[in-house]
Amino acid sequence: MSFPYQLVRLLADGRFHSGEALGAALGMSRGGVWKALRGLDGTGLQLHPVRGKGYRLARPLELLDVPAIRAAMEPSTAHHLTCIEVHPELASTSDHLRSQAQRGAPSGSVCIAEQQHAGRGRHGRVWISPFGANLYISLLWRFLLPPAALGGLSLAVGVALVGALRDVGVDSVELKWPNDVVCGGRKLAGILLDLAGESSGPCSAVIGVGVNVEMPAAAGARIDQPWTDLMAVAGAPVSRNRLAGRVLHRLALTAERFAREGFAPFLDEWREVDAAAGKTVDLLLPDRTVSGRAEGVDPDGALVLQIDGERHRFVAGELRLRVRP
């Protein structure tokens, strides 16, 4: 554990700590403490030094903790999650877990980070990932299925994420095909799948989930689309540890059932929270943009649009919700 992260753990309570007390706890001189404090610059955390009182963070932090995360799970799924790692910082939880998968990491391995330096969204976008503010979590699941059979998995994961949010008291969310969770038209969470395996199977999936919990304004200003966070939606703080535990519980249930039954058992639940149903939308494809009336998804997870009186299905693309007259 790096000295800066040890320092964050000491300061996470939001109270003042003197340089002498911090140095004693870390086994460092006051000069060493000052250097360690300077090392927090890259986290984006705001530090308030006050002469005669010491140092404190601008707001308390709930740091991620494996026992607290496991306490929010249920026995029916906890045994599937073989290893949970929490890292102070990573380039990307999914990239890290994908590397671990190549080395033989077992199904049910979990990687979580307090901060990502190269978090990934769809289409090469950067997922803004400030320290200690949101949830960045990836789960490795090994399937006895070929990659082609996992076409509806991201939609099933969306249903799982809606369930986890409801578990922590957040009900007013919808799903935007294929893998966004939105509230009031603003993005709250996203899903990214990385599949690997032979065309005939078996294969592995690294399921990456990012949830905006309490996004700092400075970090949010870098996001290139309308967004929101749980603090704004719920109107009160949401425990990141409880949310992580509920997300993992729901993901394990979903992955296990999807392996047996595919997307079909999740279809009705997805339709209930479909943000685009009945609306005129634009679908951005690699070579063109098509517009039509969204008619939900089919049993394989493909988007169905009515265009000029005909129904068309799409398995890829970026959906834009634009209500037309």
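The values are calculated or read from the model by the stated rules, or taken from the named source; none is laboratory data. What you see is a predicted model, and the numbers here were worked out from it, not measured in a lab. When we count neighbours, we look across all protein chains shown, and the Cβ atoms used for this are built from the backbone with ideal geometry, even at glycine. Just so you know, the surface numbers come from the protein's heavy atoms only, side chains and all, with ligands and any DNA or RNA stripped out. Shrake-Rupley method; radii C 1.70, N 1.55, O 1.52, S 1.80 Å.
For the reader, a short list of remarks on this structure follows.
- Cα gyration tensor shape for the stretch 1-91, rounded if a/c is under 1.5, else prolate or oblate: prolate
- Peptides 166-176, 192-202, ordered by how many other C-beta atoms sit within 10 Å of their residues on average, highest first, read 166-176, 192-202.
- 26 Å Cα cut-off, lysine pairs counted over the chain (separation 8 or more, or different chains): 4
- Dividing the summed -39500 (n - 2.57) terms of all DSSP H runs of n ≥ 4 by the residue count of the chain sets its mean residue ellipticity at 222 nm at -8500 deg cm²/dmol.
- Radius of gyration, Dmax [the chain; alpha carbons; angstrom]: 21.3, 74
- Entry note: the stretch 150-205 has Rg to Rh equal to 1.08, where both radii use alpha-carbon atoms and Rh is the Kirkwood radius.
- Probe 1.4 Å, all protein chains present, accessible-area order of 274, 65, largest first: 65, 274
- Under the membrane-span-like helix rule (DSSP H runs whose alpha carbons stretch at least 18 Å along the helix axis, mean Kyte-Doolittle hydropathy 0.0 or higher), the chain yields 153-167.
- Cα Rg over Rh - the stretch 35-142, Kirkwood: 1.05
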